[in-house]
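Take a look at the structure set out below.
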């Protein structure tokens, strides 16, 4: 079972049959994660990985079924809530900052994870957000911009460090996690970033949430 199979244009039924073949008796645990696993087959056909599809599918299914990695909101698997790790610890740290810093820190997390999943260079800032801060009705001082840049860098580095450590602990290969994230977002990096950003909505008050949602129009990696 190799990636050549994944590169074929399989029908939805063929994908399900393939998943049944790979998972065997474990197929009963798929449940609502079936759309994601079907997407996994498509994504594997577009990435370079040392793992076969037969190796990746059980790992990814186990991660989803055990709820060890991803939390989904009640509206279904098409909505990505947030990483259960490593951001839980980072959220508590970000809560200590002012609202503007907190939002920027969360955006750093989303951009870092999205870039990591798609093997892209990790952005060192959100140029659009910083530009808006410089051109707003209340222009912020250079010191504040510098604070944001330092916060972004610190947050981004911590995300990667904690993510790699958690993957080792849970014995989940990086390739499997990257493919899972890409499958959740239909292999669209901007969609993945937005889904992660949406997962932070509950961290804000109703008033602040309006601004947070309005900034979804700023697309990764801008």
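List pairs: first in segment 190-210 and part of a loop (DSSP other than H, G, I, E, B), second surrounded by 14 or more Cβ atoms within 10 Å (Cβ to Cβ), Cβ under 6 Å, 6+ apart or cross-chain?
Cβ pairs passing all conditions: 199/81; 199/82; 200/106; 204/212.
If I filter segment 153-168 for residues that are more than 23 Å from residue 100 (Cα to Cα), assigned to a loop (DSSP other than H, G, I, E, B) and in contact with a strand residue (DSSP E or B) (Cβ under 9 Å, 6 or more places away or on another chain), do I get at least one hit?
Step one: of segment 153-168, the residues more than 23 Å from residue 100 (Cα to Cα) are 161-168.
Then keep just the ones that are assigned to a loop (DSSP other than H, G, I, E, B); that gives none.
Looking for residues that are more than 23 Å from residue 100 (Cα to Cα), assigned to a loop (DSSP other than H, G, I, E, B) and in contact with a strand residue (DSSP E or B) (Cβ under 9 Å, 6 or more places away or on another chain), one finds none in segment 153-168, hence no.
So which residues in segment 191-212 are more than 18 Å from the chain's Cα centre (by Cα) and either surrounded by fewer than 17 Cβ atoms within 10 Å (Cβ to Cβ) or at pLDDT 90 or above (or both), if there are any at all?
Hits for segment 191-212 are 205, 206, 207, 208, 209, 210, 211.
Please go through segment 169-186 and give me each residue that is in a loop (DSSP other than H, G, I, E, B), in contact (Cβ under 8 Å) with a residue 40 or more places away in the chain and surrounded by fewer than 19 Cβ atoms within 10 Å (Cβ to Cβ), ordered by number. Quick ask: steps written out before the conclusion?
Within segment 169-186, the first condition is being in a loop (DSSP other than H, G, I, E, B), and the residues that meet it are 170-173, 185-186.
If we keep only those that are in contact (Cβ under 8 Å) with a residue 40 or more places away in the chain as well, we get 170, 172-173, 185-186.
170, 172, 173, 186, listed by residue number.
Search segment 1-27 for residues being modelled with pLDDT under 90 and within 14 Å of residue 57 (Cα to Cα), and hand back the single one that is surrounded by the fewest Cβ atoms within 10 Å (Cβ to Cβ).
Top of the filtered list is 2.
The values are calculated or read from the model by the stated rules, or taken from the named source; none is laboratory data. Keep in mind it's a predicted model, so treat the numbers as computed, not measured. Here Cβ is always computed from backbone atoms with ideal geometry, including for glycine, and neighbour counts include all displayed protein chains.
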